[in-house]
Amino acid sequence: MRQKSRHEKIPALDVNSVGVAQMNQKDRIFDTGILETGDFVFDERVVDVFPDMINRSIPGYSLVIPMIGLLARQYAQDQSNLYDLGCSLGAASFAMRSAVRAQGASIWAVDNSPGMIRQLQSMLREDRRTGLVPVQALHQDILETRIENASVVVLNFTLQFIERDKRIGLLKQVAEGLNPGGILVLSEKIRFEDPAEQQLQTLWHHEFKRAQGYSELEIARKRDALENVMKPDSMQRHRQRLIEAGFEHIYPWFQGFNFVSMVAMI
Ligand code: GEK
């Protein structure tokens, strides 16, 4: 296991070099005059606007991404694998790539949306920086991904899209593939068991979206489109499931309304 000594000099972390800032098309998907029907899919239309969409929809996303880099830098082990599961356009992978100094490590960025992976591969080709940890973009269902010799596994707002009964199996695979001293970073939209808090946090989140320029109609349409696709769990459920999967320590480190990020360790 490779842990940085508290006194070892670590180069400064450039929190802005996360790669995705190059794409800046505005998300107008639910703003059209035509009534949108059907479930939300990560298709080409979403790929084009994704950085704008996720930044304006998840309070704290622009903080969570560089902090994943910062955490990865502390826990990445030499000659190990780092996984970004449900990577979309690889924001967490770029953050880890910029931050990690482990020798001989590899980052595996996995997503089952062909459009996301195609775009990520093109962004990786354009990233001409040398001497950094390599990133491999894989078009794959993360339920099929073999996790092995892992020091850092990231599920950044992805587990919520996995069918509920498959979540425990995936987390068990992650726990089994993690090396001693490794971490899982799990970020999720959560729901609250107390109905009053659920109502308030949802209200506050919608207010955040309004403040980001989304209209009532866009907010309502997106909510409908996500209803069958994204299924948030409560913190209590996450804790129980992580423990059942083999994690012993669960440390929430970020909360922005109903969005949480936690570090889980064996
Ligand atoms: C980020 N982590 O920017 N296998 C692989 N990918 C999947 C699966 C699956 N079974 N199910 C969903 N996805 C990213 C953001 S977005 C979150 C993650 C959001 C993928 C899906 O294609 C999408 O790219 C991603 O999970 C979820 O840090 O849009 O709210």
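Over the alpha-carbon set of segment 35-79, work out the extent along each principal axis and list the three values in angstrom, largest first.
Taking the Cα atoms of segment 35-79, the three principal extents are 50, 25, 16 Å.
Under a Cβ-Cβ cut-off of 13 Å, what is the net charge of the residues other than Phe192 that fall near it, where Lys and Arg count +1 and Asp and Glu count -1?
-2
I need the phi-derived Karplus couplings for segment 210-220: 6.51 cos²θ - 1.76 cosθ + 1.60, θ = phi - 60°, integer Hz, Gly and Pro marked x.
4, 5, 8, x, 6, 7, 4, 5, 4, 5, 5
Which value, in nm² and rounded to one decimal, describes the direction-averaged projected area of the C-alpha convex hull of segment 93-217?
Result: 10.8 nm².
With an 8 Å cut-off on Cα pairs and a minimum separation of 6 or more residues, tell me the relative contact order of the chain in percent.
After rounding, I find 20 percent.
Mind checking the angle between helix 164-177 and the chain's longest principal axis? C-alpha axes, 0 to 90 degrees, to the nearest 10.
10
By per-residue mean of other Cβ atoms within 10 Å, what is the highest-first order of 256-264, 168-176, 152-160, 190-198?
On the way: 256-264: 21.1, 168-176: 19.0, 152-160: 24.6, 190-198: 13.7.
Ranked from most to least packed, the peptides come out as 152-160, 256-264, 168-176, 190-198.
Determine the principal axes of the Cα atoms in the chain, then give the extent along each, sorted from largest to smallest and rounded to whole angstroms.
The Cα atoms of the chain stretch 53, 42, 35 Å along their principal axes.
Ignoring ligands, DNA and RNA, what percent of the 1.4 Å accessible area of the chain is carbon and sulfur? Write down the numbers at each step before the final one.
Working: 6520 of 12860 Å².
Ligands and nucleic acids excluded, carbon and sulfur reach 51 percent.
With only Lys, Arg, Asp and Glu charged, each at its Cβ (+1 for the first two, -1 for the last two), find how big the charge dipole of the chain is about the Cα centre; round to the nearest 20 debye.
My answer is approximately 800 debye.
At 1.4 Å probe size, with every protein chain present, just tell me what the per residue accessible area of segment 164-239 comes to in Å².
Numbers: 3840 Å² over 76 residues.
For segment 164-239, the solvent-accessible area averages 50 Å² per residue.
With everything on Cα atoms, drop me the angle between helix 61-75 and the longest principal axis of the chain, reported from 0 to 90° to the nearest 10.
Tilt relative to the chain: about 20 degrees.
Helix 44-57 versus the longest principal axis of the chain: what angle, 0 to 90°, nearest 10, using Cα atoms?
Helix 44-57 and the main axis of the chain meet at about 90 degrees.
If you roll a 1.4 Å probe over the heavy atoms of the protein chains, what accessible area per residue do you get for segment 48-129, in Å²?
On a per-residue basis, 32 Å².
What FRET efficiency would be calculated for the residue pair Arg239, Leu63, taking the C-beta separation as r and a Förster radius of 25 Å, to the nearest 0.05?
For R0 = 25 Å, the calculated efficiency reads 0.65.
The values are calculated or read from the model by the stated rules, or taken from the named source; none is laboratory data. Being a predicted model, the structure only gives us computed values, none of them experimental. Cβ sites come from the backbone with ideal geometry, for glycine too, and all protein chains shown count toward neighbours. For accessibility, only protein heavy atoms count, side chains too; no ligands or nucleic acids. Shrake-Rupley method; radii C 1.70, N 1.55, O 1.52, S 1.80 Å.
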